[in-house]
Amino acid sequence: MSSEAEPTTSGPNPALADLFAYPFMSALTERRTRRIPRGFSVHSAGALDYQSPNEPAPLSPLEEAVLITSVTGVTGLTTHDGPLIKANGAPELATPFLNIAARTGSSADNAQATYFFLINDDGISVLKHPTGERALELLKELPPKWADWTEADWLASAAEVTTKISGRRLEFPREWPYYLGWNAQASNQPGTTIFLPMVDCTWQYINALLIIASEPDGKRSLIVDDWNTFHPRTPYEWLAKLTGEIGLTPKIPYQPVGGMKWLRQKFVNPDNVAPLGFGKALRTDYEPFFYLQNLMLLGQSMGLGGWIHGSVFPPYLYADDPAKGWHGLGFRMEPARQHRRWAPVPASQPNPVGIDGVLEGLCPPYVASMDEAVDRVVEEKYRNQAGFSYANSELWSRVYRNADDARTYTDRGSRFGPRQIQYVKDACNYIYETYGRFPAHVDAFYTPGMWLQFSHLELEYYDRYFDPAQYTRQAAHDALWHP
C-alpha cells in the first residue's frame, strides 16, 4: 500500500458515495487510456514537450483498497443452473465447477485461477482471493454490501488478501527486450500502482481434461501430442503399426496422450482427434482479461488515470538477476527436459511453477506426482465436505429456493468416473514424463504479458494539450478523494 497518511476510517465518505452513484454507461463510454502520471515529464515530443513541476503522487491506501477488493472480493455464490440430462436422454456432466464462490470476473468452470501482483512505490505484493475456511465464512454474509462499507472496511478487506514479497518496485532495464516502445518511458514509474495478472493454469488444466474425458462413449476425443514430432522417434510409423494391429486407421501422425490401451479399449475415438497444442491453456487464460476490463472501468469511475499495456516481457519478469539489473517476481523455475532436438516454446523452457509458500502450482515439486495432482482435483470437487466441493450440499443449497431441489441436483449430478480419472492421470503423466514439466503447452503460472497501471494524472499536461472533455472525471478526482 502507499505510504500516504491513513484516511479517516469511519463514517460516510463523499468519494465512495460518488463512486457508487457514477453511472455504469458513463464508465463504458468515458473509459480511455490515460498514460501520463503526476510528476512525469514528456521529453522529445516536439510541440508536446512537457516538464512536470510536480512530485509523483501515489494512490492513497483507500484508493488501492477499492481496486484490490474489486479483483479479490467474494461476491456471493455462483448460479449452478446447467442441465442434468442431455437432449438425447443421456446423463450430462453436472459437476464441472472448481469453485462455488463467485467473484467479479467470469471464469472458465469457475476455476478462479487469476491472482494479481500489486506493484507500487512500497514494493511488490501478491493479491490472493479468500479460499477455504475464510471464503466459507465470508459466504455467510454475502453478497457484500460494498455501498455501505466505511473506509475501515475497504482497508481491512485489502490488507487481508495482500502478501508483500519485496520492498522494491519491479525493475528491469528500460529497453528492448524488457520493455517495448514508449512503454519503457511511462510504464512502472514512481507514484504509479500496477496490477499484473498471473494465472494458475494447473488446476483447471486437469479439470478440463477430466471434463473432456467425461464425454460419452463414441464421442470422447483422442487427445494427441501434436508436438511429438520434435522427438527423435518416428511417430507416424509407430502409431500406424500399433493402430493397424487393432484395425484402426490413424487420422493424424502423432502420439496418443495417455497410451495405446485407451484406443484398444475404445475409450477414445480415433476419428475425433484433439491436439494438445490446440488447447494451449484450455481457456483458463481468458479469465484475467475480464478482471482487467473491470479494473479499467472502476479506475474510470474513480477518476484515475488507467493504462493497459505490455508488461515487462515474460519470461524475464519471473526472475531475479541483480547482475543484469533484473528485479522480478522471484518464481521457482523448474527446468524443462532436454531432448536431442528442442521442443516448441514453452515446452523447451523453464516452467514458473510458483513462489514457495505463496503461490504453488498443482505440479511437481509441490506434489509428489501427477497422480497426486489429479487426486487433489477430484478430492476438492467431490470429497471435501468442509470446502467448496459438491459434497457440501448445504453450501450448494443456498442458491435454490427449495433445499430439496438442491439435494436432488447435487445427488443426481453425474461425476467423474474411475476410468475418466485414470485416463487423465495417464495423460498428465505422459505430459510430465515427456517434457519434464506440467503443463507443457502453457506455463504453470501464465501471464498474458499485459498489466494495468493506475495513477493520478498530470493534469497540467492534459490541461495544456488536450480537450477537457477527454478527462472530466479525472479533473474532478482530487476534490472528491483528496479534499
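The values are calculated or read from the model by the stated rules, or taken from the named source; none is laboratory data. Owing to the predicted nature of the structure, the values given are computational and were not obtained by experimental measurement. A quick note on method: Cβ atoms are made from the backbone with ideal geometry, for glycine too, and the neighbour counts reach across all protein chains shown.
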Q.
Thr69 - would you say it is part of a loop (DSSP other than H, G, I, E, B), at pLDDT 95 or above and within 27 Å of the chain's Cα centre (by Cα)?
A. no
**Q.** Search result, residues across region 369-387 that are assigned to a helix (DSSP H, G or I) and either modelled with pLDDT under 85 or of a type in the set (Ser, Thr, Tyr) (or both)
**A.** Tyr382, Arg383
Q: Look through region 93-109, keep the residues that are assigned to a loop (DSSP other than H, G, I, E, B) and among the aliphatic types (A, V, I, L, M), and return whichever of them is nearest to Tyr286 (Cα to Cα).
A: Leu98
**Q.** Filter pass, Gly299 being part of a strand (DSSP E or B), at pLDDT 90 or above and either small (Gly, Ala, Ser) or touching a Leu at 6+ places or on another chain (Cβ under 8 Å) (or both)
**A.** no
Q) Of Ala156, Ala152, Ala184, which residue is touching an Asp or Glu at 6+ places or on another chain (Cβ under 7 Å), surrounded by fewer than 22 Cβ atoms within 10 Å (Cβ to Cβ), on the phi < 0 side of the Ramachandran plot and not basic (Lys, Arg)? A) Ala184
Q: Among the residues of region 359-411, write down those that are surrounded by 15 or more Cβ atoms within 10 Å (Cβ to Cβ), in contact with a Phe, Trp or Tyr (Cβ under 8 Å, 6 or more places away or on another chain), of a type in the set (Phe, Trp, Tyr) and in contact (Cβ under 8 Å) with a residue 60 or more places away in the chain.
A: Tyr390, Trp396, Tyr409
Q | Conditions (1) modelled with pLDDT of 95 or more; (2) under 24 Å from Gly299 (Cβ atoms): number failed by Asn13 | A | (1)
Q) Which ones in region 343-358 are crowded, with 17+ Cβ neighbours inside 10 Å, in a loop (DSSP other than H, G, I, E, B) and either among the hydrophobic types (A, V, I, L, M, F, W, C) or touching a Cys at 6+ places or on another chain (Cβ under 7 Å) (or both)? A) Ala343, Ala347
Q) Among all residue pairs at least 6 apart or on different chains, which show Cβ distances below 9 Å where the first residue, located in region 453-473, is over 24 Å from Pro190 (Cβ atoms) and the second is part of a helix (DSSP H, G or I) and of a type in the set (Phe, Trp, Tyr)? A) Pro468/Tyr462; Gln470/Tyr462
Q: Taking Gly299 as the residue in question, decide whether it is surrounded by 21 or more Cβ atoms within 10 Å (Cβ to Cβ), small (Gly, Ala, Ser), touching a Gly at 6+ places or on another chain (Cβ under 7 Å) and under 24 Å from Ala186 (Cα atoms).
A: yes
Q: Could you please find all residues in region 270-293 being touching a Gly at 6+ places or on another chain (Cβ under 7 Å) and either surrounded by fewer than 18 Cβ atoms within 10 Å (Cβ to Cβ) or assigned to a loop (DSSP other than H, G, I, E, B) (or both)?
A: Phe290
Q) Do we have Arg407 as in a helix (DSSP H, G or I), farther than 30 Å from Pro314 by Cβ, over 25 Å from the mean Cα position of the chain (by Cα) and modelled with pLDDT of 95 or more here? A) no
Q) Being touching a Ser or Thr at 6+ places or on another chain (Cβ under 7 Å) and either closer than 30 Å to Gly76 by Cβ or not basic (Lys, Arg) (or both), is that true of even one residue in region 419-433? A) yes
Q) Does region 448-463 contain any residue that is more than 28 Å from the chain's Cα centre (by Cα) and in a loop (DSSP other than H, G, I, E, B)? A) yes
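Table: residues versus (1) in a loop (DSSP other than H, G, I, E, B); (2) among the β-branched types (Val, Ile, Thr); (3) at pLDDT 95 or above.
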{"residue": "Val367", "(1), (2), (3)": "yes, yes, yes"}
{"residue": "Ser389", "(1), (2), (3)": "yes, no, no"}
{"residue": "Glu394", "(1), (2), (3)": "no, no, no"}
{"residue": "Val399", "(1), (2), (3)": "yes, yes, no"}
{"residue": "Gln422", "(1), (2), (3)": "no, no, yes"}
{"residue": "Glu433", "(1), (2), (3)": "no, no, no"}
{"residue": "Pro439", "(1), (2), (3)": "yes, no, yes"}
Q) (1) closer than 19 Å to Thr104 by Cβ; (2) part of a loop (DSSP other than H, G, I, E, B); (3) acidic (Asp, Glu): which one isn't true of Glu64, the others all being true? A) (2)
Q) Taking region 40-61 only, how many residues are part of a loop (DSSP other than H, G, I, E, B) and surrounded by fewer than 19 Cβ atoms within 10 Å (Cβ to Cβ)? A) 11
